[in-house]
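The values are calculated or read from the model by the stated rules, or taken from the named source; none is laboratory data. Keep in mind the model is a prediction, meaning the values are calculated, not measured. Virtual Cβ from ideal backbone geometry, glycine too; neighbours counted across all protein chains shown.
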Amino acid sequence: MAITPNSSVPCHTVDIGIRGVNTHFKSGITTANFGEGVNVVKVSVANSITATITVNVTCGASLGFRNVLLITGSEIAELDNGFEVFSASGAFRANIELLPMESVSLKDIDLSQPQKTPVLFFTNIYNDNTSRRVNIAIAVFAASKGQLGTMTLKNQDIAPNAIYKVTNRDFTAVNTNGQAGHDFLVAVELTGTFPPDDYTYKLTVTDVNGTILSTDQSTMTITNPYTNPELIMPGAGFQADLPEEYNPLPLFQWFGQSDKYDLTIYEIRPGQTQEDAVRNMPVYRQQDISGTSYQYPNSAEKLIEGHTYAWQINGKANTASGIRYMPSEVFRFQYSSPTNSGKRIVASIKINPEEGTLYAGQKMQFTAVCYDADGIIIEDAVPTWQVSPDLATIDRNGMFTAGQGGKTLAVIVSAGTSTEFATVNVKINIIGSSKIKLDDYMKKLFGLQ
C-alpha cells in the first residue's frame, strides 16, 4: 500500500491519497485508522485499490511515525510507519502530494478559466526559523519513457516558520525533455489523455545559490479509463445487417478501461432508430459491473422469439470533477430460439491466433474451427467475421488487415449460437508525426497563463 503525502504537521487538515495492492476498498464500508491524534474526517473510495482519506492532525498529536490501516470488512491493509507527524517549527523540509486520479484529460482543461484547471499536485514547504528565498523545481518522469520535463518556480520568499503551499497552477515555466518529452506529447495529442503509465514527480527546493534544501518524490498511476467502451458481442451496430442471436442467455462482451460499467438492454419497436431505442423503458439493467463481460441472468425477463433488442454500455471513471460517464455505441440483435433454427448447433469455436500485434496496413490470417456440444467438429459450419471497432477490415476467409493505429481491436467470429474473439493491438508508428507547438501545449496542459 502506498500513501501520499506521508506526513503532516499538528493543527492541519490534509487529503491523503491511498493506493492499495490486491485490495477491495468499498464506498461506505472501508474505514481508516491513522493512530491517536490523527482523526479521520472522510473516506472517499474511487475504486477497489484507490481512495482519498481526509484527516485532521490535532494540535496535541504526538510527533513521530504511526501505522496506517484501511479496513474493509475482514480485509485489513496496513502500512507500518506509513505516516509521520512532525513539528512545523523544526528543520526546513518540503514534500509533494499528488491527488489520486485514474486519468488526466485535456477535456478537463479550460484555458478561458485557468483557475478551474484540475489540481494535479500540491507542494508544501515547511520553513525553519530563517527568512528564505527559494527556487522550486519538479521533474516529471514516466516509467516507460524516462524524464518528460521540468516545471520551475523561482525566487519565492518564505517567512520564518511559515508553511508555504503551491500547486501546478502556480508554476511559471515548463520545459520538455528531449525525445521522451516529445513522444509523450505526441501520444497525448493523439488520445487527448495521459497514456497509461506510472508518473513520478520529483521535487527539489534550492536556495538562490543552488544549494539543495530539501527533496521529495511521489508517484501516481494513470490507468486512463477515458476511452469509451467498444462493444464486441452479441449483435452489431444499427448500420449493419440485423444479426440473429440464438442463446436465450447471451453473453455480453465489450472492451474498456473503466473500473465500473452499467449495462442497459432495450426492446426495439418496429421502425425505431438507435436514438429512439435508448429512450424506451429498459428490459434489463445492471449497474457497477466490474469486468468487461456479463451473462444475461436466468432470473431476468425472457427474450422473446422474433423480437429485436438493443444494448449499450456506460463506462464510469473517477475524475477530478467527479464521475464521468462514457457511453458505447448501441448494438442490436434479433432473438431466435435455437430449436427453430433447423440446424446442427455450434456450441463452441476455437479461434487461432488468439492475439496479435501489427502496424497499420499489415495483415494476419485468422482461422476458426466449430464444435457441437459433444466436441465434434462441424465441417459444414460457415463462420462469419467482423472487427470491432470498425477500424480495420477482415474478409470472409479471416484475412485481417490493420487500419488506424493506437487501438486494441476485437476480431469476432460467429457461427450458430456461438461467438468467440481474438484481440489485435494495432500500434502507432510516430515517425514523421506533425510538430507540436510545445510551449503553447504545455501551458494548456498545466493551466499556465
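Which residue is modelled with the highest pLDDT, if the candidates are limited to segment 1-44 and must be of a type in the set (D, E, K, R) and either in contact with a Phe, Trp or Tyr (Cβ under 8 Å, 6 or more places away or on another chain) or closer than 25 Å to residue 201 by Cα (or both)? Before the answer, list the steps.
Within segment 1-44, the first condition is being of a type in the set (D, E, K, R), and the residues that meet it are 15, 19, 26, 36, 42.
Applying the additional criterion that residues be either in contact with a Phe, Trp or Tyr (Cβ under 8 Å, 6 or more places away or on another chain) or closer than 25 Å to residue 201 by Cα (or both) yields 15, 19.
Working: 15: 83, 19: 78.
Across segment 1-44, the extreme among qualifying residues is 15.
Does residue 216 satisfy the condition of being modelled with pLDDT of 85 or more, closer than 30 Å to residue 155 by Cβ and either assigned to a loop (DSSP other than H, G, I, E, B) or not assigned by TED's automatic domain parsing to the domain that holds residue 266 (or both)? Can you show your working first?
Working: modelled with pLDDT of 85 or more: yes; closer than 30 Å to residue 155 by Cβ: yes; either assigned to a loop (DSSP other than H, G, I, E, B) or not assigned by TED's automatic domain parsing to the domain that holds residue 266 (or both): yes.
Yes; evaluated as a whole, the condition is true for this residue.
One residue is enough: does segment 123-142 have a residue meeting the conditions aromatic (Phe, Trp, Tyr), closer than 23 Å to residue 208 by Cα and buried (at least 19 other Cβ atoms within 10 Å of the Cβ)?
First, pick out the residues of segment 123-142 that are aromatic (Phe, Trp, Tyr): 126, 141.
Applying the additional criterion that residues be closer than 23 Å to residue 208 by Cα yields 126.
With the extra rule that they be buried (at least 19 other Cβ atoms within 10 Å of the Cβ), the set shrinks to 126.
So far as segment 123-142 goes, yes, one or more of its residues are aromatic (Phe, Trp, Tyr), closer than 23 Å to residue 208 by Cα and buried (at least 19 other Cβ atoms within 10 Å of the Cβ).
Of the residues in segment 268-308, how many are in a strand (DSSP E or B), in contact with a Pro (Cβ under 9 Å, 6 or more places away or on another chain) and either outside the structural domain of residue 239 (by TED's automatic domain parsing) or touching a residue at least 40 places away in the same chain (Cβ under 8 Å) (or both)? Show your work before the answer.
Kept after step one, since they are in a strand (DSSP E or B), are these residues of segment 268-308: 268, 284-289, 293-295, 308.
Narrowing the set further to residues that are in contact with a Pro (Cβ under 9 Å, 6 or more places away or on another chain) leaves 284, 286, 295, 308.
Right, trim to either outside the structural domain of residue 239 (by TED's automatic domain parsing) or touching a residue at least 40 places away in the same chain (Cβ under 8 Å) (or both) and you get 295, 308.
Going through segment 268-308 one residue at a time, the tally reaches 2.
Residues are listed down the side, and each one gets a yes or a no for (1) under 30 Å from residue 195 (Cβ atoms); (2) at pLDDT 85 or above; (3) part of a loop (DSSP other than H, G, I, E, B):
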site	(1), (2), (3)
67	no, yes, no
82	yes, yes, no
87	no, no, yes
96	yes, yes, no
124	yes, yes, no
129	no, yes, yes
150	yes, yes, no
156	no, yes, no
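What number of residues within segment 352-391 are charged (D, E, K, R), without any contact (Cβ under 8 Å) to a residue 60 or more places away in the chain and part of a strand (DSSP E or B)?
1
State the number of residues belonging to segment 258-307 that are basic (Lys, Arg) and surrounded by 13 or more Cβ atoms within 10 Å (Cβ to Cβ).
The number of residues fulfilling the criteria is 1.
Residues being part of a strand (DSSP E or B), out of contact with any Leu (no Cβ under 9 Å at 6 or more places or on another chain) and either among the hydrophobic types (A, V, I, L, M, F, W, C) or modelled with pLDDT under 90 (or both): count how many of those fall in segment 45-59.
Looking only at that region, the number is 6.
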